[in-house]
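Worksheet for the structure shown next.
The values are calculated or read from the model by the stated rules, or taken from the named source; none is laboratory data. Only a predicted model underlies this, so the values are computations on that prediction, with no experimental measurement involved. For neighbour counting, all protein chains shown are included, and Cβ atoms are generated from backbone atoms with ideal geometry for every residue, glycine included. Quick note on the areas: whole protein, heavy atoms, side chains included, nothing else; ligands and nucleic acids left out. Shrake-Rupley method; radii C 1.70, N 1.55, O 1.52, S 1.80 Å.
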Amino acid sequence: MKFDTPATTNPIDQLKVIGKPTDRIDGPLKTSGVAPYAYERHDAVPNPAYGYIVGAGIAKGRIASMDLRAANASPGVLAIVTASNAGKLGKGKFNTAKLLGGPEIEHYHQALAVVVAETFEQARAAAQLVKITYERTPGKFDLAAEKATAPLAKASDFGGTPESKIGDFAGAFAAAPVQLDATYTTPDQSHAMMEPHASTAAWQGDKLTLWTANQMIDWSVGDMAATLGIPKENVRLVSPFIGGGFGGKLWVRADALLAALGARAAGRPVKVALQRPLMINNTTHRPATIQRIRLGAGRDGKLTAMAHEGWSGDLPEGQPETAVNQSRLLYASANRFTATRLAVLDLPEGNAMRAPGEAPGLMALEIAMDEMAEKLGLDPIEFRIRNDTQVDPEQAGRPFSQRRLIECLRLGADQFGWSRRSAQPAQVREGRWLVGMGVAAAFRNNLLMPSAARVRLDKNGVVTVETDMTDIGTGSYTVIAQTAAETMGVPLEKVLVRLGDSTFPVSCGSGGQWGANSATSGVYAACMKLRETIAQSAGITAPDAVFADGMLHAGGRSIPLAQIAGDKGLVAEDFMEYGDLDKKYQQSTFGAHFVEVAVDAATGEIRVRRMLAVCAAGRILNPKAARSQVIGAMTMGVGAALMEDLAVDKRHGFFVNHDLAAYEVPVHADIPHQEVVFLDETDPMSSPMKAKGVGELGICGIAAAVANAVYNATGARVRDYPITLDKLLERLPAVA
């Protein structure tokens, strides 16, 4: 099915199942502990051996020698795989560094060996006996030191062009009566998901099966095949349940490759899980940024000049953090400039983490908007409203498909009690606490991805959906089941959903906030094709058929779907592809974040008291799951604002706080009750579902709302995240 004209009335619009706050159908499996995760596939692989990865102890250089004798002689050891005995290995399209290093070392904790043994304890003990000596070479580990010479990044499909120029920014900025020129920084951050990167591998002849934790099945099948140098059809990936990803499991990592190599060397199935320090230094992270923002405005509060420049770093041939991209679309200004520059750093690979680009970009932009509003003597909400636009600021003839940012801001202000906010900072006290409110706009683009599914109807009237779509804790199982139930006219309990297997039709996968909208659109396409097959089998013209209550109704006849399916059942497969509507219309999601904080006037301790998000994100397919996604993203945003920071050892090139004891993330006590409001909206330009993504919108802007609230409470403006006590103490108002 091709979606190239705006959606009209279709079966999804019945809203009998879609749009209802529905419990997660996979919830009982998870809460009872029987959901099969990658490291626990005892049902599929009996008696596996265990692999333990040895990571590089330097950040840049080469292996001078590797002594495996003691490790090989250790009890229970079955095999040790290194680059010298692994055979010829390629590199996947989506991997920046080699997954198995040696003799050259590209970053700290790059995998250099996997020790395979009968038990985990034996593998771990033997791994400690691997003796490696290194030849170090100088590396670059400090973004600030490399900033001056960092070139423009390369253009890419996801990042777009590295530089944009509209009008005369320099002239307009110089002439603007009110100006802001400020620099902001965000640190390196870790995905810090609960489930480690883990894989279980088994070979049958020359065919490999990997039970792994992976968000994008088809991408990863291709990369694994390319790395091993085997045909793609010889690789099967299975990933039905994932214990969190946030972008960190978009691609195959060292656990998958070394489980496969270890299994081949040992001649039996092997499972490998990355130890927590390797999760942080061996895999990917959100890279640090330096961002310079310049705003120029007239006395009327209208922006006349807007520039956003961003610097980040990555390994050679890596990708930038596209922190400037939302600034090309969010606010109106006739004169604009953006630039994305990328330094070469020898730190572990920087790559996608929840809302790459917009999340760190809005951490800077939405502070700058508050600072500019203060210079103009305007309320921060009013300033944002005055600079709203209904068209793409870089392409005036290209409207937004839907843009209700103003409504989000005004509704949120009313519900949050914004009128009680003091415009003058550091004016509200409750005993020892300084109290303040902050606001920020939320923005995330609506990306569309082709997605396919197979749908079966059996003799019992059960509809089974098969697609390689994944569920990373987002609720994919449930919204896909709701889509099939709505389209086929059957109760939800009559739908079985099977996900995360590369033998199923290729879906969009989980990433970029495209999962729910794109995956359900693919399921919708397959269901509509199955409806045609059912109607044809019943001798009914498809347009006249009504599917409801497990029956096909047409021409005064009502036939049970189970009866039409018969003993053999019926099956249909289709995929959703997209025309150029996303080129004619800018498709984005919008929101407004409101936060109230209290800051201890003596110690600088920050407590978040209240949070509200108002979101405009198309049709909300499952409000219960969508709310869960938004509050989870808001929680991550609090972490980004107040605590998350991968500390770089700039001498030796690694992240020091590489575990959950030292890399701080929010816990329950840090987070108050969170309110989420979804505007009643559909977007017929997006898909037949008239939905958009929402899972990443919640993290976009929330950190800036916290920062703005801290400033409103204390009068201390912090431009370098996270906002920790040391950055506040000397600037707090005097204790009464």
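Taken together, the criteria exclude A123 from residues that are farther than 17 Å from G57 by Cβ, without any contact (Cβ under 8 Å) to a residue 60 or more places away in the chain and not in a loop (DSSP other than H, G, I, E, B). Checking K60, K16 one by one, the residue that is of a type in the set (D, E, K, R), out of contact with any helix residue (DSSP H, G or I) (no Cβ under 9 Å at 6 or more places or on another chain), open to solvent by 30 Å² or more (accessible area, probe 1.4 Å) and in contact (Cβ under 8 Å) with a residue 12 or more places away in the chain is K60 and no other. When the test is whether a residue is farther than 26 Å from A453 by Cα, out of contact with any helix residue (DSSP H, G or I) (no Cβ under 7 Å at 6 or more places or on another chain) and in a helix (DSSP H, G or I), L257 does not pass it.
Counting just the residues of the range 192-211 that are open to solvent by less than 10 Å² (accessible area, probe 1.4 Å) and either in contact with a strand residue (DSSP E or B) (Cβ under 8 Å, 6 or more places away or on another chain) or not in a loop (DSSP other than H, G, I, E, B) (or both), which one comes out nearest to F246 (Cα to Cα)? By that ranking, first place goes to H197. Just to verify a result, which residue in the range 408-430, among those that are assigned to a loop (DSSP other than H, G, I, E, B) and on the phi < 0 side of the Ramachandran plot, is surrounded by the most Cβ atoms within 10 Å (Cβ to Cβ)? Within the range 408-430, the match that is surrounded by the most Cβ atoms within 10 Å (Cβ to Cβ) is R421.
The numbered conditions (1) open to solvent by 30 Å² or more (accessible area, probe 1.4 Å); (2) on the phi < 0 side of the Ramachandran plot; (3) at pLDDT 95 or above; (4) under 32 Å from the mean Cα position of the chain (by Cα) are all true for F3 except (1).
In the list G555, G511, G500, G489, which residue meets the criterion of being open to solvent by 20 Å² or more (accessible area, probe 1.4 Å), touching a residue at least 12 places away in the same chain (Cβ under 8 Å) and not acidic (D, E)?
Numbers: G511 fails: open to solvent by 20 Å² or more (accessible area, probe 1.4 Å); G500 fails: open to solvent by 20 Å² or more (accessible area, probe 1.4 Å); G489 fails: open to solvent by 20 Å² or more (accessible area, probe 1.4 Å).
Unique residue meeting the criteria: G555.
The residue list A170, A144, A148, A174 contains one member that is within 28 Å of the chain's Cα centre (by Cα), within 30 Å of T338 (Cβ to Cβ), modelled with pLDDT of 95 or more and part of a helix (DSSP H, G or I), which is A144.
Within the range 607-620, the set of residues being open to solvent by 10 Å² or more (accessible area, probe 1.4 Å) and closer than 22 Å to R403 by Cβ comprises R619, I620. Scanning the range 531-550 for residues that are outside any helix (DSSP H, G or I) and either in contact with a Cys (Cβ under 7 Å, 6 or more places away or on another chain) or open to solvent by less than 50 Å² (accessible area, probe 1.4 Å) (or both) yields a count of 6.
Restricting K249, K165, K154, K232 to residues that are charged (D, E, K, R) and touching a strand residue (DSSP E or B) at 6+ places or on another chain (Cβ under 7 Å) narrows the list to K165. Looking across the range 649-671, the residues that are open to solvent by less than 40 Å² (accessible area, probe 1.4 Å) and not aromatic (F, W, Y) come down to D649, G653, N657, H658, P666, I671. Selection of the range 558-577 for residues being touching an Asp or Glu at 6+ places or on another chain (Cβ under 8 Å) and either in a helix (DSSP H, G or I) or surrounded by fewer than 19 Cβ atoms within 10 Å (Cβ to Cβ) (or both) yields A562, A565, G569.
Might you check whether a residue that is part of a helix (DSSP H, G or I), touching a Pro at 6+ places or on another chain (Cβ under 8 Å) and more than 24 Å from M636 (Cβ to Cβ) occurs anywhere in the range 222-231? Yes, the range 222-231 contains at least one residue that is part of a helix (DSSP H, G or I), touching a Pro at 6+ places or on another chain (Cβ under 8 Å) and more than 24 Å from M636 (Cβ to Cβ). Residue count for the range 354-380 under the criterion of being over 15 Å from R719 (Cα atoms) and either open to solvent by 10 Å² or more (accessible area, probe 1.4 Å) or modelled with pLDDT under 95 (or both): the result is 9.
In summary, M369 fulfils each of the numbered conditions (1) outside any strand (DSSP E or B); (2) aliphatic (A, V, I, L, M); (3) touching a strand residue (DSSP E or B) at 6+ places or on another chain (Cβ under 7 Å) with the single exception of condition (3).
Inside the range 588-603, can you point out the residues that are closer than 18 Å to T389 by Cβ and out of contact with any helix residue (DSSP H, G or I) (no Cβ under 8 Å at 6 or more places or on another chain)? Let's see the steps before the verdict.
Within the range 588-603, the first condition is being closer than 18 Å to T389 by Cβ, and the residues that meet it are 588-592.
If the condition is that a residue be closer than 18 Å to T389 by Cβ and out of contact with any helix residue (DSSP H, G or I) (no Cβ under 8 Å at 6 or more places or on another chain), then S588 is the only one that fits.
Return yes when L581 is among the hydrophobic types (A, V, I, L, M, F, W, C), buried (at least 19 other Cβ atoms within 10 Å of the Cβ), over 19 Å from the mean Cα position of the chain (by Cα) and within 25 Å of L697 (Cβ to Cβ) and no when it is not.
The answer is yes for L581.
One residue alone among T322, T340 is in a loop (DSSP other than H, G, I, E, B) and among the β-branched types (V, I, T), and that residue is T322.
Against the list (1) over 30 Å from A44 (Cβ atoms); (2) touching a residue at least 40 places away in the same chain (Cβ under 8 Å); (3) among the aliphatic types (A, V, I, L, M); (4) open to solvent by less than 10 Å² (accessible area, probe 1.4 Å), the condition L278 fails is (1). Which residues, counting only those in the range 565-610, are touching a Leu at 6+ places or on another chain (Cβ under 6 Å), under 30 Å from Q536 (Cβ atoms) and of a type in the set (A, V, I, L, M)? A565, L570, A572, listed by residue number.
Just one of the numbered conditions (1) of a type in the set (V, I, T); (2) farther than 17 Å from I18 by Cα; (3) touching a strand residue (DSSP E or B) at 6+ places or on another chain (Cβ under 6 Å); (4) in contact (Cβ under 8 Å) with a residue 60 or more places away in the chain is not true of I564: (3).
Would you point out which residue out of G310, G301, G296 is at positive phi and open to solvent by less than 10 Å² (accessible area, probe 1.4 Å)? Can you show your working first?
Numbers: G310 fails: at positive phi; G296 fails: at positive phi.
Checking each option against the conditions leaves just G301.
Are any residues in the range 625-647 among the small types (G, A, S) and within 19 Å of E366 (Cβ to Cβ), and if so, which ones?
Filtering the range 625-647 down to residues among the small types (G, A, S) leaves 625-626, 628, 632-633, 637, 639-641, 647.
A633, G637, G639, A640, A641 - these are the residues of the range 625-647 that are among the small types (G, A, S) and within 19 Å of E366 (Cβ to Cβ).
Looking at A182, is it open to solvent by less than 10 Å² (accessible area, probe 1.4 Å), of a type outside the set (F, W, Y), under 30 Å from T304 (Cα atoms) and over 26 Å from the mean Cα position of the chain (by Cα)? Explain how you work it out, then say what you get.
On the way: open to solvent by less than 10 Å² (accessible area, probe 1.4 Å): yes; of a type outside the set (F, W, Y): yes; under 30 Å from T304 (Cα atoms): yes; over 26 Å from the mean Cα position of the chain (by Cα): yes.
Considered against the rule, which asks whether it is open to solvent by less than 10 Å² (accessible area, probe 1.4 Å), of a type outside the set (F, W, Y), under 30 Å from T304 (Cα atoms) and over 26 Å from the mean Cα position of the chain (by Cα), A182 comes out as yes.
Would you confirm whether any residue within the range 284-292 is touching an Asp or Glu at 6+ places or on another chain (Cβ under 9 Å), hydrophobic (A, V, I, L, M, F, W, C), modelled with pLDDT of 95 or more and under 30 Å from F173 (Cβ atoms)? Within the range 284-292, one or more residues are touching an Asp or Glu at 6+ places or on another chain (Cβ under 9 Å), hydrophobic (A, V, I, L, M, F, W, C), modelled with pLDDT of 95 or more and under 30 Å from F173 (Cβ atoms). For the range 353-366, filtering for residues that are touching an Asp or Glu at 6+ places or on another chain (Cβ under 9 Å) and either of a type in the set (G, A, S) or in a helix (DSSP H, G or I) (or both) leaves 6.
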